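**Student:** Sharing a structure here in structure tokens format.
Rule-based calculations on the coordinates, nothing more; no lab input. All values derive from a computational prediction rather than experimental measurement. Note: ideal-geometry Cβ built from the backbone for every residue, glycine included; neighbour counts use all protein chains shown.
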2 protein chains.
Amino acid sequence: MHPLDDALALAAQPDGSRLGRTSAAYGNMVGPYGGIIAAQALQAVRLDPGLQGEPVSMTVNFCAPLAAGEFVVRARAVRTNRSTQHWLVELRQADAVCATATVFTAARRPTWAADELARPPAPAPAEVPRTRMPARVAWPERYEMRFVEGALPAAWDGTEHASSRSLLWVRDAPPRPLDHAALAALADVFYPRVWRRRARPVPAGTVSMTLYFHADAAELAAVGAGHLLAQAQGQAFRGGWFDQTAQLWSETGALLAVSHQLVYYKQ
Amino acid sequence: MHPLDDALALAAQPDGSRLGRTSAAYGNMVGPYGGIIAAQALQAVRLDPGLQGEPVSMTVNFCAPLAAGEFVVRARAVRTNRSTQHWLVELRQADAVCATATVFTAARRPTWAADELARPPAPAPAEVPRTRMPARVAWPERYEMRFVEGALPAAWDGTEHASSRSLLWVRDAPPRPLDHAALAALADVFYPRVWRRRARPVPAGTVSMTLYFHADAAELAAVGAGHLLAQAQGQAFRGGWFDQTAQLWSETGALLAVSHQLVYYKQ
């Protein structure tokens, strides 16, 4: 079984909640990789028998690190309209809230359409070598990352950079067909922007992540196990908090999702 | 009393919830202006006696239009850490959920800081004439808007534009000292980006809005009743949903807040 599918196995409980288990394969410094928690929160909605439509937006808030082991996730449709649903998700350990999420699901209809933000130019994935990340944590090995710009600083020498932008080709490792849960996890793949700006590995961690999905399930299935071009950049860093805006395009140039993060940093 | 403060008057109830009332001054096509609902949800947290820290991020989901009249808003701290708090907010009418929000509050500490996204060039507010919006709805009269670029299309002639960007000076009308609630309302001030792209007034409405506050209360107080430079642009429009990314700078060039929206559109 693919490690992502293993992490997304959420067992239905008699009270309507689901039982999950943290995955060592997606381990981070303290607790799991945020992207896998986002994917698990979204999966609780995707598995709900009352679900209508497909994921269109979600916000996940990381309230506390998860300890290794079991967790309970509960998804509740708080409002169901004719073709849209609003969900609240809580993820708990020992009855304490570790993460919250709101998810919006809806039907998609054929409309006038345009991708305003064009895919930045980049050499083909096969022309960009895979970057191996330091082996201190597990999750980066779950992704094939090929940095076009803004890889981890080669030296942590405190040299300040004017831009926090990174651009990379990325996909699951081993490759896996794309769906909304995998895309939610991929949206968190960027190392902290403050490291890129400062070439200093200061403590940092995501507090909240919002995703807007522009692609439906059929479009993601068509991408299959192809590479995504992923871009992230911070807009402001102040008082211990910075934001990050990110985009994920298909190889053919379709903007599949955009995401935003608020991230804690120290010093 | 300023119309914003009137809208933000939320009366404490014995059960811990608060009673509000929709404000005709902020009326929109169907129900209230989304920005005022965001401000009311945030205000429920700001008024909570258990609040620690200041607003740093929030996401508000508009689940259904509010009918004119009373509503109940309930804020609950789902996780309180040493210097951070995670909140869930529900806004109800007749016991049905009309809006949900998650709010993150925290202490801000002196750190290395940088505004990476510089304020775009613009003539001074006094040099840009105030744009009067059509009088079909009330809320635009609550804001002094001075468009530098991307005002409402002069003619709804269906001419397609490549960019959905708007740039304007904006502040409360009448002017009012800035705080986090006022800033939350201001972050929704942009008319639908799909109108800008297409010069067609198709039905559109915000479904979810996320805000990251980069300024603390002291910095907002220093802005006072000054103008903000506000920028918004869509990244993709597809299947009846588009996103918008936005920034709000002070006159002196500080990035006070960034926001993102998912917006419904028809046709």
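**Student:** Mean residue ellipticity at 222 nm from the helices of chain B, using -39,500 (n - 2.57) per DSSP H segment of n ≥ 4 over the full residue count, to the nearest 500 deg cm²/dmol? Numbers along the way, then the final one.
**Tutor:** Details: 5 runs with 38 residues, N = 267.
Result for chain B, helices only: -3500 deg cm²/dmol.
**Student:** Applying the Karplus parametrisation 6.51 cos²θ - 1.76 cosθ + 1.60 with θ = phi - 60° to the phi angles of the range B:25-42, what ³J(HN,Hα) value in whole Hz is obtained for each residue in order, glycine and proline being reported as x?
**Tutor:** Once rounded to whole Hz, the list reads 4, 10, x, 10, 3, 10, x, x, 3, x, x, 6, 5, 4, 5, 5, 4, 5.
**Student:** First check a/c for the range B:72-130, with a ≥ b ≥ c the square roots of the eigenvalues of its C-alpha gyration tensor; if it is under 1.5, answer rounded, and if not, answer prolate when a/b is larger than b/c or oblate otherwise. Before the final figure, lay out the partial values.
**Tutor:** Working: a/c = 4.40, a/b = 1.44, b/c = 3.05.
Here the range B:72-130 falls in the oblate category.
**Student:** What per residue convex hull volume, in Å³, comes out for chain A when only alpha-carbon positions are used?
**Tutor:** Numbers: hull volume 36.4 nm³, N = 267.
Hull volume over Cα atoms, normalised by residue count, gives 136 Å³.
**Student:** Further, regarding this structure: Can you sort A:212, A:33 by how many other beta carbons sit within 10 Å, fewest first?
**Tutor:** Numbers: A:212 29, A:33 25.
The most exposed by this proxy come first: A:33, A:212.
**Student:** Here's a follow-up. Please give, to one decimal in nm, the separation of the simple spin-label points placed at residue A:94 and residue B:15, each 7 Å out from Cα toward the Cβ.
**Tutor:** Rounded to a tenth, the inter-label distance reads 3.2 nm.
**Student:** Just rank A:242, A:147, fewest to most, by other beta-carbon atoms within 10 angstrom.
**Tutor:** Values: A:242 27, A:147 17.
So the ranking, lowest neighbour count to highest, is A:147, A:242.
**Student:** Measuring label to label, 7 Å along Cα→Cβ, what does residue B:96 give against each other copy in nm, shortest first?
**Tutor:** In ascending order, 3.9 nm.
**Student:** Counting Lys and Arg as +1 and Asp and Glu as -1, what is the net charge of the other residues whose Cβ lies under 12 Å from the Cβ of residue A:171? Display every interim value, and only then the final one.
**Tutor:** Working: positive: A:130, A:142, A:146, A:176; negative: A:144, A:172, A:251.
Local net charge: +1.
**Student:** With a ≥ b ≥ c the root eigenvalues of the C-alpha gyration tensor of the protein assembly as shown, is it rounded (a/c under 1.5), prolate (a/b larger than b/c) or oblate?
**Tutor:** Values: a/c = 1.38, a/b = 1.25, b/c = 1.11.
It is rounded, given that a/c, with a ≥ b ≥ c, falls under 1.5.
**Student:** State whether the range A:85-221 is rounded, prolate or oblate according to the following rule on the C-alpha gyration tensor (a ≥ b ≥ c being the square roots of its eigenvalues): a/c under 1.5 gives rounded; otherwise a/b larger than b/c gives prolate, and the remaining case gives oblate.
**Tutor:** Numbers: a/c = 1.80, a/b = 1.25, b/c = 1.44.
Oblate is the answer for the range A:85-221, as a/c is 1.5 or above yet b/c matches or exceeds a/b.
**Student:** Please report, for residue B:112, the nm distances (one decimal) from its label point, 7 Å out from Cα along the beta-carbon direction, to the equivalent points in the remaining copies, shortest first.
**Tutor:** Here residue B:112 shows inter-copy label distances of 4.6 nm.
**Student:** Placing a label point 7 Å from Cα toward Cβ, how far apart in nm is residue A:80 from its equivalents in the other copies, listed shortest first to one decimal?
**Tutor:** 3.6
**Student:** By count of other Cβ within 10 Å, fewest leading, how are A:241, A:195 ordered?
**Tutor:** On the way: A:241 23, A:195 18.
Sorted ascending by nearby Cβ count, the order is A:195, A:241.
**Student:** Net charge near residue A:222: determine it from the other residues with C-beta under 12 Å of the C-beta of residue A:222, scoring Lys and Arg +1 and Asp and Glu -1. Kindly include the intermediate steps, with their values, before the conclusion.
**Tutor:** On the way: positive: none; negative: A:179, A:216, A:219, A:251.
Computed value for this residue: -4.
**Student:** Another question about this same structure. Let me check I've understood the local charge: for residue A:122, count other residues with C-beta under 13 angstrom from its C-beta, Lys and Arg +1, Asp and Glu -1. What total comes out? Each step should come with its number before you reach the end.
**Tutor:** Details: positive: A:119, A:146, A:165; negative: A:127, A:149, A:251.
Summing Lys/Arg as +1 and Asp/Glu as -1 gives 0.
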